[in-house]
1. Quick one: in the stretch 190-235, of everything that is among the aromatic types (Phe, Trp, Tyr) and in a helix (DSSP H, G or I), which residue is surrounded by the most Cβ atoms within 10 Å (Cβ to Cβ)?
2. Out of the residues in the stretch 127-146 meeting the condition of being within 18 Å of Arg93 (Cα to Cα) and assigned to a loop (DSSP other than H, G, I, E, B), tell me which one is least open to solvent (accessible area, probe 1.4 Å).
3. In the stretch 54-68, which residue that is open to solvent by 40 Å² or more (accessible area, probe 1.4 Å) and more than 23 Å from Gly234 (Cβ to Cβ) is modelled with the lowest pLDDT?
4. Please give the number of the condition Asp51 fails out of (1) open to solvent by less than 40 Å² (accessible area, probe 1.4 Å); (2) more than 20 Å from Cys171 (Cα to Cα).
5. Against the definition (farther than 24 Å from Glu433 by Cα and open to solvent by 50 Å² or more (accessible area, probe 1.4 Å)), how does Glu321 come out, yes or no?
6. Which ones in the stretch 54-82 are of a type outside the set (Ser, Thr, Tyr), closer than 20 Å to Ser360 by Cα and assigned to a loop (DSSP other than H, G, I, E, B)?
7. Is there a residue in the stretch 306-314 that is open to solvent by 10 Å² or more (accessible area, probe 1.4 Å), modelled with pLDDT of 95 or more, β-branched (Val, Ile, Thr) and within 22 Å of the chain's Cα centre (by Cα)?
Amino acid sequence: MPGASSARPARACGASGVSGARAVAAAPRLEFAAAAWYARGMRPKTTVRFDARSFADLARTVRVRSETRRLLESDPSGATPLPLEVSLQLTYRCNLRCDHCYQWNEQGFFRAYDAERQRAELDLEIAARVLAETEEVRAKLFLWGGEPLMYSRFPELAALLEDTPRTVNLCTNGLLMKERAADLFRIGRGLNVLVSVDGPEEAHDALRGRGTFVRTAAAVEWLLEARRRGDFRGEVTLLSMVADGTAGRLYETAEWAERLGVSSLYFQLPWYISPQTAAAMDARYAAELAWLNPPPAPGRATWHSYSYRLSEDVLPALARERARVAARAWSIRLRYQPEVSDGELADFARGTDRPAQGKSRCLAVSNRMEVHADGNVSSCKFFPEFVVGSLRGAPVREVWQSARFRRVREVVQRGGLFPVCSRCILLYLNGDESRTGGTAIAG
């Protein structure tokens with residue numbers, strides 16, 4: 001996923017010692033893809049220039065993908081020796097109840113958890129072992145929740161990250177950033193704080209609750225000022241949900257973010273899964289993965305919670321706004337997640353099982369580990385039905401290379417993408433295109 005005053009691109013991966021020229025030479029597919037997007041006018045233009053560190057990050061991304069592709073050619077169940085990316089879900093708890101949240105909105109699957117599980121937090125000992133056991137590859141880290149800054153052991157985790165520096169992406173609603181100031185400052189220059197700000201005040205508050213925009217915006221401005229003073233050495237990125245109330249206001253949001261001086265702004269399309277796609281996933285899971293975990297009752301699997309969607313009525317306004325954003329160059333980095341073309345917008349908004357960008361294969365299942373707040377490990381970030389093991393008492397490598405995990409990888413690679421894979425942002429950030437499909441690059 002990608003200081004503030006210098007408007008550098010958000011860091012993607014923690015690599016070093018690779019010159020910009022070597023990175024470009026090592027990344028022909030990504031460079032070609034970027035050129036194709038710009039030529040078709042789909043990706044917003046930026047005046048931000050890549051520095052040596054950014055090119056090194058790009059080189060690492062290319063290397064990870066290339067290594068994963070090579071191993072899958074010979075072994076569909078294979079994986080990198082250790083995960084090169086690790087997602088740590090620190091807690092299930094959250095201090096907001098956002099309309100578009102598949103975890104805690106009215107249909108959110110966290111609501112079905114009992115009270116004890118809702119309060120669960122990742123054991124700090126597990127987090128410490130993950131860091132220690134992936135130190136040799138400096139696995140890129142993603143911290144999320146719930147709201148990760150509600151994690152009661154966050155100060156201790158920040159100390160661990162200070163001792164084992166690496167690239168860390170932290171996804172937050174921003175409301176607790178000032179309370180966690182010392183911890184955020186301590187993590188250092190590898191930290192990219194991704195703050196959810198969903199458009200102008202009334203649009204943001206409509207999704208997240210009255211008064212939340214003012215509080216979040218103030219926290220973002222505070223963190224940017226701390227960066228200018230040198231207290232905070234990381235990056236600040238904004239994540240903005242594209243909703244009915246913001247579809248025609250992307251340009252306004254981008255102007256505000258540019259004035260603030262954040263590193264990047266990502267416009268996120270809702271990950272809506274239609275009832276038809278969810279039902280198809282029910283059937284596929286029962287047919288191919290019943291051995292992994294008992295199939296949920298019809299309509300009860302977590303993929304049925306992805307019910308928030310864009311109205312098709314706003315798609316013409318969204319297409320016009322995207323064209324307006326693409327018509328000028330910005331002094332910050334602007335991206336869409338996922339980067340679907342105008343011709344793919346309607347299909348994506350309808351929640352079908354057809355992937356955009358010609359994506360046909362998931363690489364994340366073979367290079368990224370997902371650790372949930374209860375210590376379980378799944379092959380997919382968003383759906384706990386894919387739990388393959390637990391880090392409670394088991395080393396990272398043992399779970400990562402386990403027979404259960406390998407069998408899931410083989411099902412995915414030999415049987416093809418699952419119906420819900422078309423909604424997953426990791427497919428678009430860490431997936432492959434078919435030979436007949438389009439070409440895209442990660443944000």
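1. Phe213
2. Step by step, filter the stretch 127-146, then rank; the result is Gly145.
3. Only one residue tops the list, namely Arg63.
4. The single condition Asp51 does not satisfy is (1).
5. So Glu321 fails the test.
6. Result: Asp75, Pro76, Gly78, Ala79.
7. no
The rows are residues; the columns are (1) surrounded by fewer than 22 Cβ atoms within 10 Å (Cβ to Cβ); (2) more than 20 Å from the chain's Cα centre (by Cα); (3) under 22 Å from Asp198 (Cβ atoms); (4) at pLDDT below 95.
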position: Arg97; (1), (2), (3), (4): yes, no, yes, no
position: Phe110; (1), (2), (3), (4): yes, no, yes, yes
position: Glu116; (1), (2), (3), (4): yes, yes, no, yes
position: Glu125; (1), (2), (3), (4): yes, yes, no, no
position: Glu156; (1), (2), (3), (4): yes, yes, no, no
position: Met177; (1), (2), (3), (4): no, no, yes, no
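The values are calculated or read from the model by the stated rules, or taken from the named source; none is laboratory data. Nothing here was measured: the structure is a model prediction, and the numbers come from that model. Heads up, the Cβs are rebuilt from the backbone with ideal geometry, glycines too, and the neighbour counts pull from every protein chain shown. Keep in mind that these areas ignore ligands, DNA and RNA; they rest on the heavy atoms of the full protein, side chains included. Shrake-Rupley method; radii C 1.70, N 1.55, O 1.52, S 1.80 Å.
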